[in-house]
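Notes to accompany the following structure.
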Amino acid sequence: MKELLFVYNANAGVLNGVLDTLHKTLSPGTYSCSLCALTYGAFTMRPEWAAFLRQLPVTPVFLHRDELRTQYPELARLPLPAAFLRNAAGNWEQFLTATELNQADLASLMALVQQRLPA
């Protein structure tokens, strides 16, 4: 089964999560992670996004930027948020760019993912 790696432009951890929630709530226009803003409400994943992920023909994987630097340093040079698809050789290929994610709303993100996934 293929994997689709989504990477948030935010660091992992409870304190970071609280600070990110406050930032995206109080000043959404300056929040740097559009992927988080699109797919999460104040505290939990949006139900429509969770349902969408369950029906994908790939396994969705999620990392934060600090986790990406540790696990896949070769990908950390690319602008975040982003998504990567593992190819047949086991390598990650960019699937969604930061620009695409920054311009999307949830409906267009889901449509773009469906459109780009191999049949």
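Here is how the numbers come out for the structure above:
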| read-out | value |
| --- | --- |
| Amide H contacts under 5 Å for F62, placed H, 5+ residues apart | F6 |
| Rg(Cα)/(2.2 N^0.38 Å) for segment 61-119, N = residue count | 1.15 |
| For segment 42-87: rounded, prolate or oblate by the Cα gyration tensor [a/c cutoff 1.5] | oblate |
| Burial ranking of peptide ranges 40-51, 93-104 (average Cβ count within 10 Å, highest at the top) | 93-104, 40-51 |
| Gain on full stretching of the segment that runs from N11 to Q114 - 0.36 nm per residue minus C-alpha separation | 34.4 nm |
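FYI, it's all coordinate maths here, none of it is from the lab. These figures come from a predicted structure and were not determined experimentally. Note that each Cβ is placed from the backbone with ideal geometry, even for glycine, and that neighbours are counted across all protein chains shown.
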